[in-house]
Amino acid sequence: MVKNMKNETKNEQRDNVAAIGIGAMIVFIALILVAAVAAAVIIQTAEKLQQNAQTTGQDTTDAMAARVSVIGIIVGSGAGELDITFELAPGSDDVPTGDIEWAIVCAAGTDQDDFLETTATHQIGLAVGADPIAAGQTYTTTITTNNCGPAANAEHTILFVAGTGGQTYEVLNYGGDITAGAVVI
């Protein structure tokens, strides 16, 4: 009987140790499951952030990639004419002449058109015609205004929108001299 009691005590201790081991194993498995779920959530969040950053970057590139950089604007030789020297911003894609639009805002109203009806010319003297405006090249074109022509001591705003929406605006500052060749920008 004493021998049997010793065995029962031993078995009881083994059962307690086994129960603690099984409990520890259950806690360990639960921790692994929680860690796996947390890792999945973190990975999913990182993927969404990466996609958002990529979309934002693409939108910014689209807005900036086809922007017109104005080098100078002078009063043209004809009535209401402005001669514009420009280039596309660095890194821009080629833009068809019809995809570059301009608008001038003044006290008398607005004038607007695109470069399709004007003749852009390379600085080396070659007419562009139907060719696209290429990045890295400098161009000169003449626009004709109706409502917002050169006026002494006036200030007008000109806006260019090119390609996928890249925008540039400049302030046209006319001094007292509005004869042909007078610098506006």
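A few remarks follow.
- Residue check for Arg14: modelled with pLDDT of 85 or more, surrounded by 10 or more Cβ atoms within 10 Å (Cβ to Cβ) and among the basic types (Lys, Arg): no
- Applying the criterion of at least 3 residues that are at pLDDT 95 or above to the strands (runs of 3 or more DSSP E) found wholly in the stretch 128-185 leaves 155-162, 166-173.
The values are calculated or read from the model by the stated rules, or taken from the named source; none is laboratory data. Computed from a predicted structure; not experimentally measured. Note: ideal-geometry Cβ built from the backbone for every residue, glycine included; neighbour counts use all protein chains shown.
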